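Here's the structure, in structure tokens; my notes come after.
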Amino acid sequence: MTARTSDIEKAADVLRAGGLVALPTETVYGLGANAEDPAAVARIFQVKGRPPSHPLIVHIAGAELLGDWVEDVPETARLLAERFWPGPLTLVLRRGRRVPLEATGGLETVAVRVPGHPVALALLSAFGGGVTAPSANRFGHVSPTTADHVRAEFGGAVDFVLDGGPCAVGVESTIVDATGQTPTVLRPGGVTREDLEALLGRPPAVHTTSRIRVPGQHPSHYAPRARVVLVEPEKVVAEAELAQELGHRVGVLLPPAFTDAPVNAHAVVPVPGSAAAYARGLYGFLRELDRRGCDLIVASLPTEEGLGLAIANRLRRAAGPRPAA
Ligand code: TXA
Ligand code: MG
């Protein structure tokens, strides 16, 4: 699984040459470029099919480097970085001059994180700079949690794929806007609300208005090819069987309490009982149901605590209205 030293050096060379490297992180695979090379950053948007107004995360090798990338580090941001980095937390702060506007979608703030994956950290150290990386999937599609997912997504459009094995967390980082007095969660993710509350001594604010450009404002995001329908857990089996009888090729994410039930459907994935295991598996399950030719996925939301909050957020987006084809 672990990339060899020669792979890491090769990947760092590709970044220096203005190329794109897919890199493993503990959350999902990223599609990386030299954060300070506007032409390389532009290629990310092109390859992903992502609107250029949609800002990227700058990945750095350690919390001690944060001050190089942002205008100032407020006390709360420093506390959050010290506690959760390396790890699945992204901090939005005022943009440092080093960060080109191409990377921030024209915003005067920048999102920064130190990923908790040894291969990502080795690459960042070998490269010596910051790496802007969105999730390595086409815009709006399911995020990748293995190197094979990345290859299936982009084929030869990425210059180098660094394989670090399957991602341990499986859902993206928690994004916290730490520019103001009150840290505000813009996207739930691998660091839970409960973790944040334990550090802050109070629940973090949660973003509710659409003033800032946050992930998933496009109604459909993290979406498999198959349409996703969400119902109450106890209705999943009946809903799936009805749709199957109506001629759909139904994939089911079967909630833990019902995994013994026989289901008449095209493909059934039993959902793990632990939220950590579900988060780790989620994107792979959605890709698997696509691969098996399902045109409809029936699922339910997990309890929205701990990692369940991020899972529910991703499933809601995946079930969101699709753009007209
Ligand atoms: O776990 C992750 O965060 C993964 C791995 C690769 O690090 N990255 C990731 O990137 O999920 P992406 O681009 O798929 O999602 C990052 C989101 C963007 O959708 C954007 O809306 C938000 O971060 N973002 C970036 N900069 C921002 C800013 N200055 N203000 C508000 N939101 C920002
Ligand atoms: Mg993404």
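The values are calculated or read from the model by the stated rules, or taken from the named source; none is laboratory data. These figures come from a predicted structure and were not determined experimentally. Note: ideal-geometry Cβ built from the backbone for every residue, glycine included; neighbour counts use all protein chains shown. When the accessible area is computed, the model is the full protein with side chains, heavy atoms only, and any ligands, DNA or RNA have been set aside. Shrake-Rupley method; radii C 1.70, N 1.55, O 1.52, S 1.80 Å.
So here's what we get for this one:
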{"read-out": "3J(HN,Hα) from dihedral phi, segment 269-284, Karplus parametrisation 6.51/-1.76/1.60, rounded to Hz, x for glycine, proline", "value": "10, x, 7, x, x, 8, 4, 4, 5, 5, 4, 4, x, 3, 5, x"}
{"read-out": "Amide H contacts of Y222 (H built 1.01 Å from N, under 5 Å, at least 5 apart or other chain)", "value": "G140, H141"}
{"read-out": "Interchain or long-range residues, amide H under 5 Å from V228's placed H", "value": "I297"}
{"read-out": "Positive-end residue, segment 5-206 charge dipole about Cα centroid, Cβ charges, pick of V158, F45, F84", "value": "F45"}
{"read-out": "Karplus-derived HN-Hα couplings along segment 193-203 (A = 6.51, B = -1.76, C = 1.60, θ = phi - 60°), whole Hz, x at Gly and Pro", "value": "4, 5, 4, 5, 4, 4, 7, 7, x, 7, x"}
{"read-out": "Charge dipole (debye, nearest 20) of the chain; +1 at Cβ of Lys and Arg, -1 at Cβ of Asp and Glu", "value": "720"}
{"read-out": "Over segment 238-289, equivalent-ellipsoid semi-axes from the Cα gyration tensor in Å", "value": "21, 13, 6"}
{"read-out": "Along each principal axis, Cα extent of the chain, largest first, Å", "value": "58, 46, 37"}
{"read-out": "For segment 1-148: rounded, prolate or oblate by the Cα gyration tensor [a/c cutoff 1.5]", "value": "rounded"}
{"read-out": "Selected from P52, P256, P166 as most flexible by GNM, with the chain as the system and alpha-carbon contacts under 10 Å", "value": "P256"}
{"read-out": "Inter-part distance where segment 58-124 and segment 223-237 are each reduced to a Cα centre, Å", "value": "36"}
{"read-out": "Helix 5-16 axis, angle to the chain major axis (alpha carbon atoms, nearest 10°)", "value": "70"}
{"read-out": "Inter-label distance for R225 and R83, nm, one decimal - labels placed 7 Å from Cα along Cα-to-Cβ", "value": "4.4"}
{"read-out": "Of the trypsin sites (Lys or Arg not before Pro) in segment 1-45, those whose Cβ has at most 13 other Cβ within 10 Å and which sit in DSSP loop", "value": "R4"}
{"read-out": "Signed unit charges on C-beta, dipole axis of the chain, positive-most listed residue N137, L301, G105", "value": "G105"}
{"read-out": "Accessible surface of D148 - all protein chains present, 1.4 Å probe, nearest 10 Å²", "value": "100"}
{"read-out": "Per-residue [θ]222 nm for the chain (sum of -39500 (n - 2.57) over DSSP H runs n ≥ 4, rounded to 500)", "value": "-9000 deg cm²/dmol"}
{"read-out": "Accessible surface of the chain, 1.4 Å probe, proportion on carbon and sulfur as whole %", "value": "52"}
{"read-out": "Sorted largest first, extent of segment 227-318 alpha carbons per principal axis (Å)", "value": "37, 24, 19"}
{"read-out": "Environment charge of L20, counting only residues whose C-beta is closer than 9 Å and scoring Lys/Arg +1, Asp/Glu -1", "value": "0"}
{"read-out": "Cβ-defined net charge surrounding T76, 14 Å radius [Lys, Arg +1; Asp, Glu -1]", "value": "-1"}
{"read-out": "For segment 85-94, 3J(HN,Hα) per residue [Karplus equation, 6.51 cos²θ - 1.76 cosθ + 1.60, θ = phi - 60°, Hz, x = Gly/Pro]", "value": "9, x, x, x, 10, 10, 9, 9, 9, 5"}
{"read-out": "Antiparallel DSSP beta bridges within the chain, as percent of all bridges there, nearest 5", "value": "40"}
{"read-out": "Sequence-distant residues sharing a close amide H with I57 (under 5 Å, placed H)", "value": "A133"}
{"read-out": "Per residue accessible area of the chain, 1.4 Å probe, in Å²", "value": "42"}
{"read-out": "Cα centre as origin, Lys/Arg/Asp/Glu Cβ charges: segment 24-136 dipole, Debye", "value": "300"}
{"read-out": "Residue (of V73, A318, G273) at the positive-pole extreme of the chain, dipole from beta-carbon charges", "value": "A318"}
{"read-out": "Extended-chain gain in nm, criterion 0.36 nm per residue less alpha-carbon gap, A152 and E108", "value": "12.4 nm"}
{"read-out": "Spin-label model distance (nm) - E304 vs E64, 7 Å beyond Cα toward Cβ", "value": "4.1"}
